[in-house]
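Q: One structure, as structure tokens, below. Some questions next.
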């Protein structure tokens, strides 16, 4: 078919391209049609005709679903590529990348992530012994290398390792499951190409599962799901798959069904190959493949039909076969699952028991079969020299180097910086450029991490995850070889929700400030501030456990014992009404004085208007009533004013200040005068704007044996919680409630007491809501007492 004929046939579906002709297309687009006998107009539907000349064709992208890592950038219409059309990747590099996987293991706390990672390392031959979380042999799991992790039996920091399975190399990051350490999951998913979402066969989709799902969607990370703990009483994989579809809003289907349930669980039926798989040996080392047991043949056929039916809604090839009532071959099914997974529309569901060493090897094969290699994800950088235009970086080693530092650790050899190589290669002794500072840095040591141990390497290619020593940078910084001035998009960092005062028992300890600076560098959600009035050191974090861990690390790693005050909630203040102001700041001393008049109003920002903007300053002054050189000072005055509210001194949020008139004096006006004018005008206006105190409200999920459900509901009601949902699952029940963070202190001890230690809960920040009027009055009185005592 000629290109002109193709355009006449297909542009009807895209009216904006109705005037396209062969002559108006660039050589790049004509080359795309000649190579494929097809031009994907849908791919360019957001690109104006005028900008079609900017689109460069790449064979590697034309046949792959556009799995853009940052959908927010996609709204800009198109991406530029600085790669020449004649670029050809090295053959050995293509082969290496085809067999490379960068994956994360993510889930709700206690779903078995670290136990699963331990089995993956064992079956791939990376370790020769299996150790358990809180193991009786006092060794502990490989990935939980911190002493605190082994004591508490939880993952605190994400840990990186690598393994080899058949011809495939797998870089693995095991992430924490607790909401307090959510930044570890955030930055891991930022640099990974795929993920394994682990779910408990009894508890299913829980609060942190939903948080992790949101993070995966934020970075467009394809995932496969693994239903773990199939040996537990009450295991029900069918219910968990329904929860994945209903709660996570993604199509899912099992690629395996269990052989036996609970204590009788002994293997799985592979629905793609239609074979039964058993693990034999004390550690499940021997994989035995047999025919499907007679009693499971019918169930396996129905499950396979369901798998094909789900795929037919997503994949065109399977849809055609399904409509023709043809049974897809094993390879067709494998290819369809892979395509659907990479398109982010489907997640294949595996089942097994990591603790019982059952069905882990098929999961590893699934990781290699269905998750993407680095060339199958489109990663976007911003070209600083071209007004931050989005640029596609390609995972090939014979291109200029681009890498992202995503995690920092302070080890015995200095700062250890984890780097994902997005483009180009990195060699020992090579000089790289820190984009933010422009400094040139020499790579003196290059290592590949295995938990807390490391292996020295001489070079690493595109797509790899490595660590460097002696690099002074922060989490989220970009490095290049100097020929490009690119910056990778930053990592999303949630705001802290809790704080407490910290006082070292030994004053003037040099390690105290050094430790806090190190912790801030490692963890962007950990903040430190010195209160200007009380001179106390205040630390901020994501929860009680988060701060407790850092206080423990202060003593263990730096020898600094501290006393802590009562945890403080991150209250905020806002306004509920519009309030006008007309304020004149006038001060006359000898010589030039200070003069500035500002006229405008303040108003609350509605939820519809507030798209992540906490406060907003609008300049609508016309006619030069306030000279433009003073507008920056006016905005600074507004920022000064919102740092401390009028009720209790908490920061103000969701406030808009609009300035539309004013007056300046040719001699007495200055930046300071207008800064103070806006500051005092805001303070006066707030009094008439119905100020209000906001408190953080948490989504609390409690899982407990059904017999204790009444006790749990009663405890949440006593804490003024609002019960949102309650569900009974066999012998366990789950309760979801919205509770003020201020009411949740000490809840873990109470829950253990009322459930005989069998209950567990997790919290996730939901929103800031107004406090009750009586509580607000009490808070204001207490604040006024403190201020009066200070005077």
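Q: Going by the conditions given, is residue 105 in the same structural domain as residue 282 (by TED's automatic domain parsing), surrounded by 16 or more Cβ atoms within 10 Å (Cβ to Cβ), at pLDDT 80 or above and part of a loop (DSSP other than H, G, I, E, B)?
A: Working: in the same structural domain as residue 282 (by TED's automatic domain parsing): yes; surrounded by 16 or more Cβ atoms within 10 Å (Cβ to Cβ): yes; at pLDDT 80 or above: yes; part of a loop (DSSP other than H, G, I, E, B): no.
When the stated conditions are applied, residue 105 does not pass them.
Q: Report yes if residue 375 is free of Cβ contacts under 8 Å to residues at least 12 places away in the same chain and either in contact with a helix residue (DSSP H, G or I) (Cβ under 7 Å, 6 or more places away or on another chain) or assigned to a loop (DSSP other than H, G, I, E, B) (or both), otherwise no. Spell out the reasoning first.
A: Values: free of Cβ contacts under 8 Å to residues at least 12 places away in the same chain: no; either in contact with a helix residue (DSSP H, G or I) (Cβ under 7 Å, 6 or more places away or on another chain) or assigned to a loop (DSSP other than H, G, I, E, B) (or both): yes.
No.
Q: Here's another thing I want to ask about it. Quick one: is residue 476 in contact with a helix residue (DSSP H, G or I) (Cβ under 9 Å, 6 or more places away or on another chain), outside the structural domain of residue 517 (by TED's automatic domain parsing) and either farther than 12 Å from residue 419 by Cβ or crowded, with 19+ Cβ neighbours inside 10 Å (or both)? Before the answer, list the steps.
A: Numbers: in contact with a helix residue (DSSP H, G or I) (Cβ under 9 Å, 6 or more places away or on another chain): yes; outside the structural domain of residue 517 (by TED's automatic domain parsing): yes; either farther than 12 Å from residue 419 by Cβ or crowded, with 19+ Cβ neighbours inside 10 Å (or both): yes.
So residue 476 passes the test.
Q: Within region 626-653, count every residue that is surrounded by 21 or more Cβ atoms within 10 Å (Cβ to Cβ), free of Cβ contacts under 8 Å to residues at least 60 places away in the same chain and part of a loop (DSSP other than H, G, I, E, B).
A: Residues flagged as surrounded by 21 or more Cβ atoms within 10 Å (Cβ to Cβ), free of Cβ contacts under 8 Å to residues at least 60 places away in the same chain and part of a loop (DSSP other than H, G, I, E, B) within region 626-653 amount to 1.
Q: Residue check: is residue 342 touching a residue at least 40 places away in the same chain (Cβ under 8 Å), more than 28 Å from the chain's Cα centre (by Cα) and crowded, with 20+ Cβ neighbours inside 10 Å? Don't jump to the end; show me each part of the working.
A: Details: touching a residue at least 40 places away in the same chain (Cβ under 8 Å): yes; more than 28 Å from the chain's Cα centre (by Cα): no; crowded, with 20+ Cβ neighbours inside 10 Å: yes.
So residue 342 fails the test.
Q: Does region 216-245 hold any residues that are closer than 17 Å to residue 311 by Cα and out of contact with any strand residue (DSSP E or B) (no Cβ under 6 Å at 6 or more places or on another chain), and which are they? Break it down into steps so the answer makes sense when it comes.
A: Filtering region 216-245 down to residues closer than 17 Å to residue 311 by Cα leaves 222-225, 241-242, 244-245.
Of everything in region 216-245, just one residue is closer than 17 Å to residue 311 by Cα and out of contact with any strand residue (DSSP E or B) (no Cβ under 6 Å at 6 or more places or on another chain), namely 242.
Q: Shifting gears a bit: Can you confirm whether residue 656 is assigned to a helix (DSSP H, G or I) and modelled with pLDDT of 90 or more? Spell out how you get there, then give the answer.
A: Working: assigned to a helix (DSSP H, G or I): no; modelled with pLDDT of 90 or more: yes.
No, not satisfied.
Q: Restrict the check to region 324-333 and report whether at least one residue is touching a residue at least 60 places away in the same chain (Cβ under 8 Å), in the same structural domain as residue 107 (by TED's automatic domain parsing), assigned to a helix (DSSP H, G or I) and under 23 Å from residue 276 (Cβ atoms).
A: yes
Q: Determine which single condition residue 577 fails, assuming it passes every other condition in (1) buried (at least 20 other Cβ atoms within 10 Å of the Cβ); (2) assigned to a loop (DSSP other than H, G, I, E, B).
A: Of (1) buried (at least 20 other Cβ atoms within 10 Å of the Cβ); (2) assigned to a loop (DSSP other than H, G, I, E, B), only one is false for residue 577: (1).
Q: Does residue 733 meet the test of being over 22 Å from residue 540 (Cβ atoms) and in contact with a helix residue (DSSP H, G or I) (Cβ under 6 Å, 6 or more places away or on another chain)?
A: yes
Q: Residue by residue through region 163-185, note down the ones that are under 20 Å from residue 222 (Cβ atoms) and at pLDDT 85 or above.
A: The answer is 163, 165, 168, 169, 170, 171, 172, 173.
Q: Among the residues of region 751-773 satisfying the criterion of being farther than 20 Å from residue 210 by Cα and either at pLDDT 85 or above or in the same structural domain as residue 178 (by TED's automatic domain parsing) (or both), which is surrounded by the most Cβ atoms within 10 Å (Cβ to Cβ)?
A: 771
Q: Does residue 383 satisfy the criteria of being surrounded by fewer than 23 Cβ atoms within 10 Å (Cβ to Cβ), under 26 Å from the mean Cα position of the chain (by Cα) and outside the structural domain of residue 476 (by TED's automatic domain parsing)?
A: Numbers: surrounded by fewer than 23 Cβ atoms within 10 Å (Cβ to Cβ): yes; under 26 Å from the mean Cα position of the chain (by Cα): yes; outside the structural domain of residue 476 (by TED's automatic domain parsing): yes.
So residue 383 fits the description; yes.
Q: Further question: Which pairs do you get when a residue that is free of Cβ contacts under 8 Å to residues at least 60 places away in the same chain, found in region 477-489, comes within reach of a residue that is in a strand (DSSP E or B) and crowded, with 24+ Cβ neighbours inside 10 Å, reach meaning Cβ atoms under 7 angstrom, with the pair 6+ apart or on two chains?
A: Taking only residues 6 or more apart or on different chains, not a single pair turns up.
Q: State whether the residues of region 254-273 include one that is closer than 24 Å to residue 329 by Cα and part of a helix (DSSP H, G or I).
A: Applying the first criterion (closer than 24 Å to residue 329 by Cα) to region 254-273 yields 254-259, 267-273.
Pick out the ones that are also part of a helix (DSSP H, G or I) and you get none.
No, region 254-273 contains no residue that is closer than 24 Å to residue 329 by Cα and part of a helix (DSSP H, G or I).
Q: If only one of 404, 363, 408, 382 is in a strand (DSSP E or B) and modelled with pLDDT of 90 or more, which one is it? First the steps, then the outcome.
A: Values: 363 fails: in a strand (DSSP E or B); 408 fails: modelled with pLDDT of 90 or more; 382 fails: modelled with pLDDT of 90 or more.
Step by step, each of 404, 363, 408, 382 is checked, and only 404 is in a strand (DSSP E or B) and modelled with pLDDT of 90 or more.
Q: A further question on this structure: Which one of these is crowded, with 21+ Cβ neighbours inside 10 Å, touching a residue at least 12 places away in the same chain (Cβ under 8 Å) and over 19 Å from the mean Cα position of the chain (by Cα): 465, 441, 498? Give the derivation first.
A: Working: 465 fails: over 19 Å from the mean Cα position of the chain (by Cα); 441 fails: crowded, with 21+ Cβ neighbours inside 10 Å.
Among 465, 441, 498, only 498 is crowded, with 21+ Cβ neighbours inside 10 Å, touching a residue at least 12 places away in the same chain (Cβ under 8 Å) and over 19 Å from the mean Cα position of the chain (by Cα).
Conditions (1) crowded, with 18+ Cβ neighbours inside 10 Å; (2) farther than 27 Å from residue 542 by Cα, marked per residue:
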| position | (1), (2) |
| --- | --- |
| 677 | yes, yes |
| 681 | yes, yes |
| 684 | no, yes |
| 691 | yes, no |
| 698 | yes, no |
| 701 | yes, no |
| 717 | no, no |
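The values are calculated or read from the model by the stated rules, or taken from the named source; none is laboratory data. Note that this is a predicted model, so its numbers are computed, not measured. Neighbour counts run over all protein chains shown; Cβ positions are idealised from the backbone, glycine included.
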